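Everything on this sheet refers to the single structure shown next.
The values are calculated or read from the model by the stated rules, or taken from the named source; none is laboratory data. Source: prediction; values computed, not measured. Because the Cβ atoms are built from the backbone with ideal geometry, glycine has one as well, and the counts that use them run over all protein chains shown. Heads up: the accessible areas ignore ligands, DNA and RNA and are worked out on the full protein's heavy atoms, side chains in. Shrake-Rupley method; radii C 1.70, N 1.55, O 1.52, S 1.80 Å.
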Amino acid sequence: MRVELLTRYTPALAKKGSGQRSVLPGFRLTISCTLLYLFLLVLLPLFVMGFESFRLSWGEFIGIVSAPRLLAAFKLSFGASLIAAAINTIFGSLLAWILVRYRFPARRWVDAMIDLPFALPTAVAGLALSALYSEQGWIGSYLSPLGIKVAYTRLGVLIALIFIGLPFLVRTVQPVLSDIEKSWEEAAATLGANSWQRFRFIILPALMPALLTGFALAFARALGEYGSVIFIAGNIPMESEIAPLLIITKLEQYDYRGATAVAAVLLLASFVLLLCINSLQRWSYSEIKTGRLKGR
């Protein structure tokens, strides 16, 4: 029946002018609404922020972003975000591998708990981490006698960023792992490839674009994180103060230009990282298609 309908109506659709690009009606309306939505919610706020930052002279902009307190905050935010994204890339990939390749009790519960950082309010997450890693907390009470202090230190900032960034890696890598054909690995095994060779030449090339995407998303998310960090960081100037907190501080002081300058630096860094990741993804896909990553 479906075949008859397709053969009956396909010629009629084909006669509706060669300029029609889609068989679905309302393309112009839907694309217009989509572009308008994207402009109002994404492009316009970014344009306004960039316009406000350009109102500053180059000397004023450099003077704001090169202040010692702000440089310390940038160093902590960028450094902790990179380390957290790298850690999540490793352990998030392992977690995705276990969820895809193995069946065990409570697997569905583990899979559901991964999305908790998405659903949990950031302030609640920050309070929970502070209570857990403080000197009187469930974990902090055991770490304190060893001389390891987590809450209100840079280590606490790193743990909070790992917490909120883990789902990005798992949910990015998990569907790619599910789509990898096991027959490829079985064929490689019959040709004498060991476990490392199968991972190196079959699984890793297919996962590389997803790993890069997950790393970029986790880094960008951690770079702008505020709610879950301020509770466990302690917000000590020059020590555990993050860049997003300084944006809020400048806004409270009615220093809108200073806040815009700090935000522009964070936005530019995230944009450059995403641009690099997209370039690496295109390279990875082209390498996979040409077979260069599968070795000879």
* **Listed residues MET238, MET49 arranged by accessible area, highest first, probe 1.4 Å** => MET238, MET49
* **Check: segment 163-296 dipole with +1 on Lys, Arg Cβ and -1 on Asp, Glu Cβ, in debye** => 620
* **Rounded if a/c under 1.5, otherwise prolate or oblate - the chain, Cα gyration tensor axes** => oblate
* **Whole-Hz couplings from phi, Karplus 6.51/-1.76/1.60, listed for segment 149-155; x for Gly and Pro** => 10, 9, 5, 6, 9, 5, 4
* **Accessible area (Å², 1.4 Å probe, nearest 10) - THR172** => 30
* Nearest 20 debye, what's the magnitude of the dipole of the chain about its Cα centre given +1 on Lys and Arg Cβ and -1 on Asp and Glu Cβ? -> 1260
* Loop-only check: which trypsin sites (Lys or Arg not before Pro) in segment 101-197 are DSSP coil with at most 10 other Cβ within 10 angstrom? -> ARG103
* To do: Show that you can apply the helix-only estimate: for the chain, add -39,500 (n - 2.57) for every DSSP H stretch of four or more residues, divide by all residues, and state [θ] at 222 nm to the nearest 500.
  => -23500 deg cm²/dmol
* Please report, as a whole percent, how much of the solvent-accessible surface of segment 73-196 comes from carbon and sulfur atoms (probe radius 1.4 Å). => 69
* Asked: Any idea of ILE148's accessible area? Nearest 10 Å², probe 1.4 Å.
  -> 70
* Asked: Given LEU76, PHE163, MET238, which one lies farthest toward the positive end of the charge dipole of the chain, if we put +1 on the Cβ of every Lys and Arg and -1 on the Cβ of every Asp and Glu?
  -> PHE163
* Vicinal HN-Hα couplings computed from phi for segment 41-49 (Karplus, 6.51 cos²θ - 1.76 cosθ + 1.60; Hz; Gly/Pro x) -> 9, 10, 6, 5, x, 5, 5, 5, 5
* Structure fact -> With every protein chain kept in place and a 1.4 Å probe, the residues TYR256, TYR142, TYR152 fall, from largest accessible area down, as TYR142, TYR256, TYR152
